[in-house]
Amino acid sequence: MEWYIYAAVIAVGVVAGFINTMAGSGSLLTLPMLMFVGLPANVANGTNRVALFLQNIVAVRGFKKQKVFDYREGLWLVIPATAGSIIGAMIAVNFNEQILRLFIGILLVFMFFIILFKPDRWIKEQSGTIEGGPKFWRVIIFFLIGIYGGFIQAGVGFFLLAGLVLNVGTDLVKANALKVFIILVYTGVALVIFFINGQVNLKIGLILSVGNMAGAWLGTRFAVSWGAKFVRIVLLLAILVSAVKLLGVFNLIT
């Protein structure tokens with residue numbers, strides 16, 4: 001590839017890493033870019049996990065350094081999400097995701113209006129905690145989210161944020177920190193499955209990682225310093241664009 005292609009991949013990674021850390025769905029940018037440089041869709045899906053894994057190492061370290069969360073708080077959510085991700089990754093290596101993408105697009109539209117019309121649940125400081133063990137329904141919810149994350153990843157941050165804010169009771173800033181911690185752990189496990197199936201281009205994945213890690217570094221600082229109101233605005237915009245893309249509205253217009 002020419003040098004400017006590498007530069008473009010890194011630039012897209014910066015934007016995606018920032019969006020992923022602040023809200024979610026940065027993979028809707030990186031997956032098309034990886035396919036544009038010549039990777040088959042299934043290899044692009046696996047290669048993208050390299051950048052996500054390294055991106056979230058940076059993001060988790062950034063949030064932890066700013067004392068936004070404690071690792072123990074996310075443990076009971078990491079376990080079911082990781083178990084689900086194994087199933088999702090095993091499905092992904094041979095699955096056509098078109099129908100699922102349509103379904104997720106519809107869910108994102110629904111979520112957009114929940115966030116838009118019930119802002120207090122997403123902005124105010126809340127006292128919800130995850131310590132003391134999981135509730136059955138919470139385990140099921142994060143297990144299902146893990147399946148989707150292992151399968152395609154794009155948009156999974158929105159569902160994790162919804163689960164953390166609406167079901168667990170954290171505010172958006174803390175939810176973002178816990179979200180990247182959960183994704184870090186299950187992505188590492190799912191990545192192994194993609195490697196075993198030969199669906200990872202390590203070179204391009206590491207190049208993309210340079211951008212994703214830089215974007216994550218920026219995202220942790222903006223999320224904490226600008227607060228939950230700013231994160232909610234970014235979240236709304238990201239969900240809207242993601243839903244439009246997943247539902248194929250751009251294709252209908254053109």
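Consider region 160-203 and keep the residues that are hydrophobic (A, V, I, L, M, F, W, C), within 20 Å of residue 41 (Cβ to Cβ) and touching a helix residue (DSSP H, G or I) at 6+ places or on another chain (Cβ under 6 Å). The one that is surrounded by the most Cβ atoms within 10 Å (Cβ to Cβ) is 190. Helices (runs of 4 or more DSSP H) fully within region 129-237 that include at least 3 residues being over 27 Å from residue 113 (Cα atoms), modelled with pLDDT under 90 and of a type in the set (A, V, I, L, M): none found. Can you tell me which residues in region 137-180 are out of contact with any Asp or Glu (no Cβ under 7 Å at 6 or more places or on another chain) and of a type in the set (D, E, K, R)? Of everything in region 137-180, those that are out of contact with any Asp or Glu (no Cβ under 7 Å at 6 or more places or on another chain) and of a type in the set (D, E, K, R) turn out to be 138, 174, 179.
The set of residues in region 1-45 that are under 19 Å from residue 191 (Cα atoms), in contact (Cβ under 8 Å) with a residue 24 or more places away in the chain, surrounded by fewer than 22 Cβ atoms within 10 Å (Cβ to Cβ) and of a type outside the set (A, V, I, L, M, F, W, C) contains only 42. Scanning region 31-59 for residues that are closer than 14 Å to residue 201 by Cα, among the β-branched types (Val, Ile, Thr) and either in contact with a Pro (Cβ under 6 Å, 6 or more places away or on another chain) or not in a loop (DSSP other than H, G, I, E, B) (or both) returns 43, 47, 50.
The values are calculated or read from the model by the stated rules, or taken from the named source; none is laboratory data. Just so you know, these numbers come straight off a predicted model, no measurement behind them. Cβ sites come from the backbone with ideal geometry, for glycine too, and all protein chains shown count toward neighbours.
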